[in-house]
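Everything below concerns the one structure shown next.
The values are calculated or read from the model by the stated rules, or taken from the named source; none is laboratory data. What you are looking at is a predicted structure, and each value in this text was computed from that prediction instead of being measured. Ideal geometry is used to build each Cβ from the backbone, glycine not excepted, and the neighbour counts take in all protein chains shown. The accessibility values were calculated without ligands, DNA or RNA, using every heavy atom of the protein model including side chains. Shrake-Rupley method; radii C 1.70, N 1.55, O 1.52, S 1.80 Å.
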Amino acid sequence: MTRRFSLEDLILTANLIDGRWLSAADGARFAVIDPGTGNTIAEVADSGPADAHAATDAAARALPAWRDTLPKERAAILDRWHDLIVAHEEVLGELISLEQGKPLAEGRGEVAYGASYVTWFADEGRRIYGDIIPAQQRGKRMSAVKEPIGIVAAITPWNFPLAMIARKIAPALAAGCTVVGKPAEDTPLTALALALLAQEAGVPAGVLNLITASRERGIAAVADWLEDSRVRKITFTGSTAVGKYLARESAATLKKLSLELGGNAPFLVFDDADIDAAVSGLLASKFRNGGQTCVCPNRVYVQAGVYDAFSRKLADKVGALRVGPATDPSSQIGPMINTRAVDKIARHVDDAVAKGARVLTGGTRLPECGAHYFAPTVLANATDDMQLCCEETFGPVVPLFRFDSEEDALRAANDTPFGLAAYFYSQDVRRTDRVSRALEAGIVGINEGAISSEAAPFGGVKESGYGREGSRYGLDDYLSIKYLCQGGLE
Ligand code: SIN
C-alpha cells in the first residue's frame, strides 16, 4: 500500500547521505524563505565540503552494487518513485508554490511534468542497447556496450525545484549511476521531499545523496565534487556564468558535463501568422512561472504589418493576468523568487523606458502585493541597445521589437551568444521550413509556445550549453561506451 505523507512530513531539513538524514557536519543551518511573504518556512542544513565529501564516499560505496542491478530492477524502483510522486501531487505542488512562488496550478503541473521524466527514464533504462560491429578481420568479434558513467553530481536551479532534479536523477539511476546532488539554496525543500519519496520507493542507501547549502557554502561544497576524481559527471541547470565555472574547474579531472544554461529566446511573429494563436502561444510560454524559465521568450519580434494589432491584443491579455499569492488558486502570476530577481526586472524596464520603450501595460513593482511582485508588462518600441535585448530578464516582461523583412528578423534573432529556445509564428509552409532551419537554437517552437516534454530532447547550442535532457538521447549523457574486441576466434 502506498504510504501517504502530509505537507508537514515532507518538510525535511537534513541532508540525505548514505540513507541517513544528517545535519551538516558542523551543525550550520540556513533559512528557506517564502518569496511571497518573506517568512521563514524552515531552516535546513548548510553543508560544506565535509558533507559533500561524505556524500561522495556514500555514492562510491553504493556504486558497485547499484551498477550490477538489472535494468528492470532499477526500472521497478523508478516506477514506484514515479507512482509516489504522482500520489503526492497535491502536497508537492503546495510545497513548490510555497518555496518557489509559482501559482498552485503550475506547482501541481510541475509535479506531473517532473514525474513524467521518472517514468520515461524507467522505460528508457530497460533499452540500453549496444551494437555488434561487423568484423573487419576474420577471427575477431567487435562490439560496443554501454556502461554507467559512475558517480553523477546534479546541481539544480530554483525555477523548477522538482522537475529539474527529477530529470537528472531519473536517467542517472536508470543508467546505473549513483548520485550526489545539491538543489538551489532558494528551493531545497522540494528536492528533499523528492529524496524521501525515492527512499520510500526503494532506492538503496548511498545511491541517492542530497545535500543543501546556502550560496556561499554551496560553492565550497560543489568545489569538493569538482576536484574529486571519483565524480565522473556534472549535470547542471542554471546560469551560463556558473556553467563556465563548472566546465573550467572540472577540467583537471576531465568530467563529462551536461550544461543546460541561460537562454535569450527570440519569438518571431510574421505578417502571415495567425495572430490570435501567436498571442496565446506567447502568453503560454512567456508567463509560465512568471517568466522565470530558461525557455521563456525574452525578445519578441513582430513584423510591421501586424505589429499594432498584435501589440493591442497582447497588452489586453497581459493586463488581465491576475497577480497574487502563489497559494491563492485564482493567481496566475506569483512573486518573483527573491530581491535580486525583482531588482533586475525593474532595472531592465527602467533602462528600456529611458531608451524610448513605451509601456503598454504594467511596468512597475507591486508593493501592495509584497516585495517580490512585478506587474506583467508589455513594452513597445524595444531596440537592441536596451539591456533586456542582450540579457535574460527572467520575469514577466515582454519587449516588442518591430521588423520589416524575414532576413532582418533572423539576423536579430540569432544575434546573441545564446541558443536554447526560439519560437516563430507563420502560416507559410515554405517560410516555416526556412526559418526553422535558420534559427540558431536547440529547440524551436513552430506555431507552438509549449515545447517541453519528457519525450523531446531539451538543451541548447552556443553558450546555452551542451547535452540533452529527456528523450532517448537523455540517457546517453549518463553512459559511456566500451568497445570490446575479442580475438582468437578462428
Ligand atoms: C528551465 O527553465 O530550465 C526548464 C524549463 C522546461 O523544462 O520547460
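Points worth noting:
- Segment 368-477: C-alpha gyration tensor shape, a/c 1.5 cut-off, then a/b vs b/c: oblate
- For segment 31-88, the Rg and Dmax computed from alpha carbons only, in angstrom: 17.6, 48
- Sites residue 2 and residue 328, calculated FRET efficiency, Cβ-Cβ separation with R0 41 Å, nearest 0.05: 0.90
- Distance from the alpha carbon centroid of segment 112-153 to that of segment 322-352 works out to 43 angstrom.
- Put a dot 7 Å past the Cα of residue 20, heading toward its Cβ, do the same for residue 408, and the two dots end up 6.7 nm apart.
- Packing-based ranking of 239-249, 189-199 yields 189-199, 239-249, ordered from highest to lowest mean Cβ neighbour count within 10 Å.
- For segment 240-262, the residues whose amide N sits under 14 Å from a probe point set 7 Å from the Cα of residue 215 along the beta carbon direction are 242.
- Net charge dipole size for the chain [Lys, Arg +1 and Asp, Glu -1 on Cβ; Debye, nearest 20]: 1200 debye
- Ellipsoid semi-axes for the chain, based on the Cα gyration tensor and the rule √(5λ), read 39, 29, 19 Å when sorted largest first.
- With a simple spin-label model that places each label point 7 Å from the Cα along the Cα-to-Cβ direction, the separation between residue 433 and residue 446 comes to 1.0 nm.
- On the beta carbon distance between residue 453 and residue 486, with R0 = 51 Å, the FRET formula returns roughly 0.80.
- Heavy-atom accessible surface of the chain: percent carbon and sulfur, 1.4 Å: 52 percent
- Alpha carbon centroid spacing (whole Å) that separates segment 209-261 from segment 48-103: 19 Å
- Segment 304-386: C-alpha pair distances exceeding 18 Å, %: 48 percent
- Paramagnetic reach from residue 28 in segment 170-205 [backbone N under 19 Å; point 7 Å along Cα→Cβ]: 181-189
- Structure-based [θ]222 nm, the chain - -39500 (n - 2.57) summed over DSSP H runs of at least 4, per residue, nearest 500: -12500 deg cm²/dmol
- 5 Å binning of all Cα-Cα separations within segment 1-134, expressed as whole percents from 0 upward: 2, 9, 12, 14, 17, 18, 15, 7, 3, 2, 1, 0, 0
- Given charges at beta-carbon only (K, R positive; D, E negative), |dipole| of segment 139-267 in Debye: 640 debye
- Rolling a 1.4 angstrom probe over the protein heavy atoms with all chains in place gives segment 265-453 an accessible area of 39 Å² per residue.
- A simple charge model with +1 on the Cβ of Lys and Arg, -1 on the Cβ of Asp and Glu and nothing else charged puts the dipole of segment 265-453 at about 440 debye relative to its Cα centre.
- Heavy-atom surface of segment 184-232, accessible at 1.4 Å and reported per residue (Å²): 28 Å²
- When the Cα positions of 179, 300, 387 are compared along the charge dipole of the chain, 179 comes out farthest toward the positive end, with charges on each C-beta of Lys, Arg, Asp and Glu.
- Semi-axis lengths, Å, segment 265-453, gyration tensor of Cα atoms, sqrt of 5 times eigenvalues: 26, 17, 16
- Separation in nanometres of the label points that stand 7 Å from Cα toward Cβ, at residue 69 and residue 274: 4.5 nm
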